[in-house]
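Engineer: First, the structure itself, so that you have it in front of you.
Any read-out appearing in this document is the output of simple, stated calculations on the displayed coordinates, not a laboratory observation. Everything numeric here is computed off the predicted structure, so don't read it as measured data. Here Cβ is always computed from backbone atoms with ideal geometry, including for glycine, and neighbour counts include all displayed protein chains.
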Amino acid sequence: MKSIILAAGKGTRMKSETPKVLHTIFEKALVSYVIDAVNGTDLADENFVIVGHQAERVEEFIKLNYTNAKTVLQSPQLGTGHAVSMALPYLKDFEGEVIILCGDTPLITSDTLKEFVEAHKKMNSDLTVMSAIFDNPTNYGRIVRNPDNTLNSIVEEKDATPEQKAIKEINAGIYCLNWGKIKGAFGELKTNNAQGEYYLTDIVKWANSKSLNVNAYVLKNNEEIYGINSKANLAEATKFLNQRIIKKHLDNGVTIVSPENTWISPETEIEPDTIIYPCTYIEGVNKIGRNCKIGPFAHLRGGVVLEDDVKIGNFVEVKKTTVKSHTNACHLTYLGDSEIGSNVNIGAGTITANYNPLTKEKTKTIIEDNVKIGSNSVLVAPVNIHEGANIGALSVITSDVKAWALAITRSPLRVIDNWVKQKLNRH
């Protein structure tokens with residue numbers, strides 16, 4: 001199977017210089033959610049992403065992040081049917097299924113796409129359109145079925161009769177095509193509509209004119225086709241996705257104290273009996289073990305692996321760091337690009353200084369088992385704190401510390417008697 005993902009739109013209502021499909025949820029681009037959903041079916045070996053607005057930025061993103069996705073430029077942009085036709089030269093000899101999706105629907109799942117393709121095959125369909133039932137179908141194209149339940153047409157609301165407007169089944173915007181039979185449609189689409197564009201929906205009328213088998217498959221969860229057209233939509237989709245993720249973790253035995261105030265990325269794995277406290281934000285790909293305690297007000301930024309019985313407390317930020325079992329970083333700490341052993345205690349206010357602003361390089365901090373880091377310490381990477389060492393509070397560590405040693409860089413304490421009284425007397 002191949003996929004064609006429509007990602008050429010400008011996204012005017014986003015009011016942003018960033019291309020719409022590169023806006024993010026949990027720091028992951030919208031188009032990535034769609035490509036990953038297709039890849040997750042294990043059915044598609046190649047994805048064609050149709051680009052247009054700020055094509056160079058989207059092309060660069062796809063090239064950096066995917067080996068099985070290729071961008072295809074649509075210029076000028078003459079409608080959705082025209083967008084799909086841009087992939088014709090790459091699929092001229094292909095005879096299998098092609099699935100067409102929109103790059104701004106991040107909530108679609110691999111399971112739904114697999115069920116959709118399976119239904120397409122089970123109906124021996126040449127063209128299958130995904131549909132959904134909405135109580136309020138206003139502004140959506142309506143699904144008009146034949147008496148035998150096959151798909152007759154998709155009628156846009158502005159063209160619909162009062163009877164058709166009463167139909168609650170709408171076009172969800174995802175298509176599965178037997179490419180060998182349907183590809184001819186893209187050379188025969190017309191622009192005789194108000195927008196003067198080539199509409200993808202017109203392939204339904206074309207297929208019926210050729211007496212092909214055309215059907216509609218009803219989506220089980222309407223939330224999955226939620227499209228992003230504005231920042232308000234983006235916020236709403238983030239909430240929908242987070243609720244889905246939170247429910248999964250609750251069902252799997254994770255304690256989430258305040259689901260409405262906790263945010264967890266879909267790529268984060270959490271073992272049972274871990275507790276997530278309120279106002280925790282977890283983004284990126286992470287793996288969290290059993291019996292951990294995260295938060296409140298913790299931030300995991302991706303690339304984090306926590307073994308069992310780890311505590312990441314309030315106002316602790318962790319990025320690209322592995323923490324072994326029974327280690328605590330309870331408050332006011334930054335751990336980045338680090339490897340931290342077992343039974344380590346990270347004192348409040350500790351910073352792993354991993355970034356060199358001159359060379360723009362990041363280097364690693366290694367903290368071995370049984371180390372104790374005193375409060376308000378800075379570990380300047382690259383540095384290795386060997387097993388059992390203690391770091392005195394207020395220390396700045398710029399070189400490796402031997403096993404079981406004490407490292408301390410504090411200035412000696414000075415106490416000046418009556419200093420306060422002398423100052424007050426002068427004023």
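Engineer: Let me know the Rg and Dmax you get for the stretch 331-424 when you use only its Cα atoms, in Å.
Structural biologist: 15.9, 51
Engineer: Another question about this same structure. Three principal axis extents, largest first, for the C-alpha atoms of the stretch 244-400, in Å?
Structural biologist: So the extents along the principal axes, rounded to whole Å, are 46, 32, 19.
Engineer: Could you tell me how many cubic angstrom of Cα convex hull volume the stretch 237-321 has per residue?
Structural biologist: 67 Å³
Engineer: Next question. Just to be sure I understand the model, the point goes 7 Å from the Cα along the line to the Cβ. What's the resulting Thr18 to Gln77 distance in nm?
Structural biologist: 1.8 nm
Engineer: Take the Cα of Asn136, step 7 Å along the line toward its Cβ, and report every residue of the stretch 1-31 whose backbone nitrogen sits under 13 Å from that point.
Structural biologist: Output list for this probe position: empty.
Engineer: Taking the Cβ of Tyr198 as the center, what net charge do the other residues with Cβ under 15 Å away carry, scoring Lys and Arg +1 and Asp and Glu -1?
Structural biologist: Taking every other residue near Tyr198 into account, the sum is -1.
Engineer: Near Val58, within a Cβ-to-Cβ distance under 14 Å, what is the net charge of the other residues, with Lys and Arg +1 and Asp and Glu -1?
Structural biologist: Cβ neighbours under 14 Å give a net charge of 0.
Engineer: Next question, about the same structure. In sequence order, what are the phi-derived ³J(HN,Hα) couplings for the stretch 414-422 according to the Karplus relation 6.51 cos²θ - 1.76 cosθ + 1.60 with θ = phi - 60°, rounded to whole Hz, with x for glycine and proline?
Structural biologist: Along the stretch 414-422, the couplings run 10, 10, 9, 4, 6, 4, 5, 4, 4 Hz.
Engineer: Between Ile174 and residues 5 or more places away or on another chain, which pairs have amide H atoms under 5 Å apart, with H built 1.01 Å from N, and which residues are they?
Structural biologist: For Ile174, the qualifying residues are Met130.
Engineer: Note the count of lysine pairs whose C-alpha atoms are less than 28 angstrom apart in the stretch 22-171, limited to pairs 8 or more residues apart or on different chains.
Structural biologist: 16
Engineer: State the number of lysine pairs found in the stretch 188-283 whose Cα atoms come within less than 16 Å, restricting to pairs 8 or more positions apart or on distinct chains.
Structural biologist: 4
Engineer: When the helices in the chain are scored as -39500 (n - 2.57) per DSSP H run of 4 or longer and the sum is shared across all residues, what 222 nm value do you end up with, to the nearest 500 deg cm²/dmol?
Structural biologist: -5500 deg cm²/dmol
Engineer: Rg and Dmax of the chain, using alpha carbons, in Å: what are they?
Structural biologist: For the chain, the Cα-based Rg and Dmax read 28.1, 102 Å.
Engineer: Cut-off under 21 Å on the C-alpha distance; same-chain residues fewer than 8 positions from Lys362 excluded. Which lysines are left, in chain and number order?
Structural biologist: Lys319, Lys320
Engineer: What is the gain in length, in nm to one decimal, between Glu56 and Ala160 on full extension, counting 0.36 nm per residue of separation less the C-alpha to C-alpha distance?
Structural biologist: Additional length available on full extension: 33.6 nm.
Engineer: Per-residue HN-Hα couplings for the stretch 284-300, Karplus 6.51 cos²θ - 1.76 cosθ + 1.60 at θ = phi - 60°, whole Hz, x for Gly and Pro?
Structural biologist: Along the stretch 284-300, the couplings run x, 9, 9, 9, 10, x, 7, 6, 7, 10, 10, x, x, 6, 9, 9, 9 Hz.
Engineer: Hey, can you grab everything whose amide H is under 5 Å from the amide H of Val344? Only 5+ residues off in sequence or another chain; H modelled, so Pro and N-termini drop out.
Structural biologist: Thr327, Asn328, Asn370
Engineer: Right, here's the next one. What's the local net charge at Tyr140, with K and R +1, D and E -1, over the other residues with C-beta under 13 Å away?
Structural biologist: Within the 13 Å Cβ shell, the charges total -1.
Engineer: Next up: Would you give the gap between the C-alpha center of the stretch 262-316 and the C-alpha center of the stretch 146-214, rounded to a whole Å?
Structural biologist: 46 Å
Engineer: A further question on this structure: State the volume of the convex hull built on the alpha-carbon positions of the stretch 310-378, expressed per residue in Å³ and rounded to an integer.
Structural biologist: Residue-normalised Cα hull volume stands at 68 Å³.
Engineer: Here's a follow-up. Could you tell me how far the Cα centroid of the stretch 3-66 sits from the Cα centroid of the stretch 378-393, in Å?
Structural biologist: Rounded to whole Å, the Cα centres lie 42 Å apart.
Engineer: Let me ask another. Run the quick spin-label model on Asn425 and Ala194: label points 7 Å from Cα toward the beta carbon, then report their separation in nm to one decimal.
Structural biologist: Label at Asn425, label at Ala194, 8.9 nm between them.
Engineer: Same structure again: Which cross-chain or sequence-distant (5 or more) residues have an amide H under 5 Å from the amide H of Leu306, H modelled 1.01 Å from N in plane?
Structural biologist: Here the answer is Lys287, Ile288, Gly289, Val323, since their amide H atoms fall under 5 Å of that of Leu306.
Engineer: Pull up the DSSP beta bridges for the chain and report the antiparallel fraction as a percent, rounded to 5.
Structural biologist: 20 percent
Engineer: Among Thr398, Thr333, Thr262, whose mean-square fluctuation peaks in a Gaussian network model of the chain (Cα, cutoff 10 Å)?
Structural biologist: Checking each option, the largest mean-square fluctuation is seen for Thr398.
Engineer: Using the Karplus curve 6.51 cos²θ - 1.76 cosθ + 1.60 with θ = phi - 60°, work out ³J(HN,Hα) for each residue of the stretch 74-90 in order, rounded to whole Hz, and write x for Gly and Pro.
Structural biologist: 10, 8, x, 9, 10, x, 5, x, 5, 4, 4, 5, 5, 8, 3, x, 8
Engineer: On average, how much area does the Cα convex hull of the stretch 134-182 cover when viewed from any direction, in nm²?
Structural biologist: Seen from a random direction, the Cα hull of the stretch 134-182 projects 4.1 nm² on average.
Engineer: I need the shape label for the stretch 58-213. Rule: rounded when a/c is under 1.5, else prolate if a/b > b/c, else oblate, with a, b, c from the alpha carbon gyration tensor.
Structural biologist: rounded
Engineer: Continuing with this model, one more query. Which percent, nearest 5, of DSSP beta bridges in the stretch 346-416 are antiparallel?
Structural biologist: Looking only at bridges with both residues in the stretch 346-416, the antiparallel portion is about 10 percent.
Engineer: First check a/c for the stretch 15-85, with a ≥ b ≥ c the square roots of the eigenvalues of its C-alpha gyration tensor; if it is under 1.5, answer rounded, and if not, answer prolate when a/b is larger than b/c or oblate otherwise. Show your work: numbers first, answer last.
Structural biologist: Numbers: a/c = 1.76, a/b = 1.13, b/c = 1.55.
It is oblate, given that a/c is not under 1.5 and a/b is not larger than b/c.
Engineer: Once R0 is set to 56 Å, what does the formula 1/(1 + (r/R0)^6) return for the Cβ-Cβ distance between Thr67 and Glu260, expressed as a FRET efficiency to the nearest 0.05? Provide the component values of the computation, followed by the final result.
Structural biologist: Values: r = 38 Å, r/R0 = 0.69.
My answer for the efficiency is 0.90.
Engineer: Note the full-extension length gain between Arg244 and Ile275 as 0.36 nm times their separation in residues minus their Cα-Cα distance, in nm to one decimal.
Structural biologist: Gain on stretching Arg244 to Ile275: 9.4 nm.
Engineer: I want the antiparallel fraction of DSSP beta bridges within the stretch 283-427, as a percent rounded to 5. Could the numbers behind the result be given before it?
Structural biologist: On the way: 2 of 42 bridges.
Around 5 percent of the beta bridges assigned by DSSP in the stretch 283-427 are antiparallel ones.
Engineer: Find the eigenvalues of the gyration tensor of the Cα atoms of the stretch 141-264, then list the square roots of 5 times those eigenvalues as equivalent ellipsoid semi-axes, largest first, in whole angstrom.
Structural biologist: Values: eigenvalues 276, 58, 47 Å².
Semi-axis lengths for the stretch 141-264 are 37, 17, 15 Å.
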